[in-house]
Amino acid sequence: MNQSSDLRAFVFGNRGALLALPAVILAAFGKPSAFSIATGLPLAFAGEVVRMWAVGYSGVTTRGDVVTAPALVTAGPYAYVRNPLYVGNFMTAAGFALAFTGKCSAPVRFALVAGSLAAMAGVYSVIVPHEEGYLRTTFGPAFDDYVARVPRVVPALEPSEPQHGSYDPAVIGKAESRTWLTFGAMLAVLALKARRE
């Protein structure tokens, strides 16, 4: 492996910790308002719904520290966008960033929201090519065809065909338990901060 590959593998393996940093900063410095909570939380919940939809197709392999995929999934949300988990994460992060910053001054709010989303974009700009390299090596022309049909991060309006994979709701509880704990912790901190503001 070269240094670039080593860096990508390191960031992928530590993506949870890296993405927790913006959440900790929001929890520490955020000042929520009733309006910001009312506007941000629906977006945060919508992001988690997108994640659960995607995990139902991709399964628990999404939680590993090393990229793996037993099959190339192109059904469900993967028929619209190649990285629906990250789209869902981005929606959730944007929702919490908005919810936590309602009473912050405009410059602080901008810094917290933009900084949180920029941190996520930075992490994903490293790990998405890492994952795609694995998928290209593993699935070859089938993955190249998928890339040609389905956008990377901005969902298409119509699903792409052909679609492979099936939805299994049984994997969601196991695959999403850490995400739900984090989501619940953010909700608890948001509620505490809202009472103090």
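Please treat every number below as a calculation from the coordinates, not as lab data. As the structure is a prediction and not an experimental result, all values here were calculated from the model. Please note: Cβ atoms are built from the backbone with ideal geometry, for glycine as well, and neighbour counts cover all protein chains shown.
Once the Cα-Cα distance is subtracted from the 0.36 nm per residue extended length, the THR137 to LYS174 segment shows a gain of 10.5 nm. Using C-alpha pairs under 8 Å with a sequence gap of at least 6, the mean separation divided by the residue count of the chain gives a relative contact order of 36 percent. Assuming charge only on the beta carbon of Lys and Arg (+1) and of Asp and Glu (-1), the dipole of the chain about its Cα centre is about 820 debye to the nearest 20.
Just from its helices, what would the mean residue ellipticity at 222 nm be for the chain, if runs of 4 or more DSSP H residues each count -39500 (n - 2.57) and the sum is divided by every residue, rounded to the nearest 500 deg cm²/dmol? All intermediate terms of the calculation are to be shown ahead of the outcome.
On the way: 7 runs with 136 residues, N = 197.
Computed mean residue ellipticity for the chain: -23500 deg cm²/dmol.
Packing around the peptides 7-18, 160-171, taken as the average count of other Cβ atoms within 10 Å per residue, puts them in this order, highest first: 7-18, 160-171. Counted as membrane-span-like here are DSSP H helices of the chain whose alpha-carbon atoms extend 18 Å or more along the helix's own axis and whose Kyte-Doolittle mean is 0.5 or above; these are 15-29, 34-58, 84-100, 106-139.
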